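The numbers here are math on the coordinates, done by the rules we state, and not lab data. Nothing here was measured: the structure is a model prediction, and the numbers come from that model. Here Cβ is always computed from backbone atoms with ideal geometry, including for glycine, and neighbour counts include all displayed protein chains.
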Protein chains: 2
Amino acid sequence: MIKARVTVTLKNGVLDPQGKAIEGALGTLGFDGVEQVRQGKVFDLELAGTNASEAEQQITAMCEKLLANTVIENYAVEIL
Amino acid sequence: MIKARVTVTLKNGVLDPQGKAIEGALGTLGFDGVEQVRQGKVFDLELAGTNASEAEQQITAMCEKLLANTVIENYAVEIL
């Protein structure tokens, strides 16, 4: 079995209202010095098989097709 | 300025319907061999200051108070 982590983050320049809201909330809670917060997603996958390079290829295809919106998001695949 | 990444994931045993839905969708798209998908959140923070250990302490407090629900979620802080 292969474990992998996919991290999907917004591209630079894409507005992130959720991140802005968190930034505001942290300020309200008294955390000073928070300059920016951006929120992304993480997917922890378990795949059958033992071939890591094949799994990485398959996961990249999953990102392109489903896990990330490549117009506004970047993704990173990490085999654990 | 200090950059940090906080990764929040569901604890083992906590049901993840969103992950299950993604698992099903990947199967429908023809990706075989996907055994499990679990979704989490990632926060990219930028903090003022240059003291990494102080920043890490502050971010841990943010996780406890706002970013993670520690009843059902684990968090990991990584100073970049």
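When the convex hull of its Cα atoms is viewed from all sides, chain B shows a mean projected area of 6.4 nm².
What the Cβ-Cβ distance of A:Lys20 and B:Asn74 gives, at R0 = 22 Å and to the nearest 0.05, is a FRET efficiency of 0.30. Within 9 Å, Cβ to Cβ, of B:Ile79, how many net charges do the neighbouring residues add up to if Lys/Arg are +1 and Asp/Glu are -1? Result for the neighbourhood of B:Ile79: 0. Counting, for every residue in A:22-31, the Cβ atoms of other protein chains within 10 Å of its Cβ and taking the mean gives 4. Seen from all directions on average, the protein assembly as shown presents a Cα convex hull projection of 9.8 nm². Against chain A, whose longest principal axis is taken from its Cα atoms, helix A:52-62 shows a tilt of about 60°.
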